[in-house]
Amino acid sequence: MPEYSYIYLGDNARAPYGTRSFDVVYNFTLQAVNALFGMGCPLVILACNTASAKALRNIQQQDLPKMAPGRRVLGVIRPTAENIGLMSENGHVGILGTEGTVSSRSYDMEIAKIAPQFSVTSKACPMWVPLVENNEAESPGADYFVDKYVRELLGRDNDIDTIVLACTHYPILYPKIRKAVPEHIKVVTQGDIVAASLKDYLYRHPEMEQRLLTNGDCRYLTTENPEKFTGLASVFLDEKVNVSHIDL
């Protein structure tokens with residue numbers, strides 16, 4: 001949807017969120033949401049599984065009705081759960097995510113609402129985000145930790161036929177993950193799923209779609225050093241971006 005205007009806010013100075021407590025992730029996420037609301041955004045996507053797992057429900061149910069009843073905050077877990085039921089043929093699903101996402105059991109709960117007969121097995125991968133953040137995704141160390149976590153996940157359920165990469169960093173490791181996972185098992189990334197879900201949401205909520213700007217531009221903001229962010233962003237976007245610093 002390139003016609004819409006976007007503001008990307010990365011809380012890179014306080015990342016990763018995966019190992020932080022529920023309260024800390026909730027407070028950090030709420031600060032970022034408030035900042036985006038202050039810039040005029042009517043719709044915010046928590047493009048982070050940990051934030052979606054630990055902060056989304058509280059923000060939707062407790063904060064929005066009081067501070068911004070006309071605005072919306074959406075996450076990335078439910079859209080993925082809604083699609084995973086269509087992808088798994090035998091109902092055995094594996095989740096690879098951060099410690100925060102896995103310990104929250106958010107995928108277990110969301111998938112159970114849609115496909116209660118499914119079996120969900122999760123494995124935390126604490127080394128994967130640091131590997132990506134430190135530009136070590138192509139290193140031999142990455143091979144070791146990819147193989148290690150994949151083996152441990154499949155060792156818990158030999159019948160898994162679909163694995164979800166439940167973290168925005170993990171697609172950078174996709175080639176190594178795909179190599180480590182047996183060919184008959186699907187490896188699912190979330191980008192296309194979340195984008196399609198957003199498109200469907202706007203179709204079903206024309207009153208929100210009409211509030212969005214369609215200048216086709218994208219602003220990048222980071223709580224870290226802009227130069228450091230630019231280097232990391234190029235890994236994900238394969239292009240150089242202009243970024244500004246923001247304090248939360």
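When the convex hull of the C-alpha atoms of the chain is computed, what volume per residue in Å³ does it have?
Per residue, the Cα convex hull of the chain comes to 125 Å³.
Please give the Cα centre distance for region 30-79 versus region 138-188, rounded to the nearest Å.
30
How do GLU209, GLU89, GLU99 rank by accessible surface area computed with a 1.4 Å probe, from largest to smallest?
I get GLU89, GLU99, GLU209, largest accessible area first.
Can you give the accessible area of CYS48, probe radius 1.4 Å, in Å² rounded to 10?
About 40 Å², ignoring ligands and nucleic acids.
Using the Cβ atoms and a cut-off under 12 Å, what net charge is assigned to the surroundings of ILE59, where Lys and Arg are +1 and Asp and Glu are -1?
+4
Taking 0.36 nm per intervening residue step and subtracting the Cα-Cα distance, what contour gain separates MET39 from ASP192 on full extension?
Using 0.36 nm per residue and subtracting the Cα-Cα distance, I get 52.4 nm.
Only helical DSSP H runs with n ≥ 4 go in: add -39500 (n - 2.57) per run for the chain, normalise by residue count and round the 222 nm mean residue ellipticity to 500 deg cm²/dmol.
After summing the helix terms and dividing by residue count, I get -13000 deg cm²/dmol.
Going 7 Å from the Cα of THR19 along its beta-carbon direction, which residues of region 123-142 have the amide nitrogen within less than 14 Å of the resulting point?
Under cut-off, by backbone N: 125-134.
Would you mind getting the accessible area per residue of region 186-234, heavy atoms of the protein chains only, 1.4 Å probe, in Å²?
For region 186-234, the solvent-accessible area averages 62 Å² per residue.
Which residue, chosen from ILE163, LEU248, ASN134, occupies the Cα position most advanced towards the positive end of the dipole of region 105-248, where the dipole is computed from +1 (Lys, Arg) and -1 (Asp, Glu) charges on Cβ about the Cα centre?
It is ILE163, whose Cα lies furthest towards the positive end.
Give me the percent of the accessible area of the chain that comes from carbon and sulfur atoms, probe 1.4 Å, all protein chains in place.
It is 50 percent, rounded to a whole number.
How far apart, in nm, are two points set 7 Å out from the Cα along the Cα-to-Cβ line at GLN62 and at ASN215?
Calculated label separation equals 3.5 nm.
Averaging sequence separations of C-alpha pairs under 8 Å and six or more residues apart, then dividing by the length of the chain, give the relative contact order as a whole percent.
About 26 percent, as a whole number.
Keeping all protein chains in place, calculate the accessible area per residue for region 61-183 (probe 1.4 angstrom), answer in Å².
In whole numbers, region 61-183 has 48 Å² accessible per residue.
If the cut-off is a Cα-Cα distance under 21 Å, which lysines reach LYS66, setting aside same-chain residues fewer than 8 apart in sequence?
Hits, sequence-local ones excluded: LYS54.
Cα to Cα, under 17 Å, and not fewer than 8 places away if on the same chain: which lysines meet these conditions relative to LYS240?
LYS228
Run the quick spin-label model on TYR4 and ASN225: label points 7 Å from Cα toward the beta carbon, then report their separation in nm to one decimal.
Output for this residue pair reads 3.4 nm.
For LYS186, list the lysines whose Cα falls under 19 Å from its own Cα; do not include residues on the same chain fewer than 8 positions away.
Within the straight-line limit of under 19 Å, LYS186 reaches these lysines: LYS123, LYS148, LYS176.
With everything on Cα atoms, drop me the angle between helix 77-87 and the longest principal axis of the chain, reported from 0 to 90° to the nearest 10.
Its long axis makes an angle of about 40 degrees.
To the nearest 10 Å², what's PHE28's accessible area with a 1.4 Å probe?
30
Could you calculate the contour length gain from ARG151 to GLU207, that is, 0.36 nm times the residue separation minus the distance between their Cα atoms, to one decimal place in nm?
Contour length minus the Cα-Cα distance gives 15.5 nm.
The values are calculated or read from the model by the stated rules, or taken from the named source; none is laboratory data. Note that the coordinates shown come from a computational prediction; the quantities given were computed from them, not determined experimentally. Counting neighbours? That spans all protein chains shown, and the Cβs are built from the backbone with ideal geometry, glycine included. Surface areas here come from the heavy atoms of the whole protein model, side chains and all, with no ligands, DNA or RNA. Shrake-Rupley method; radii C 1.70, N 1.55, O 1.52, S 1.80 Å.
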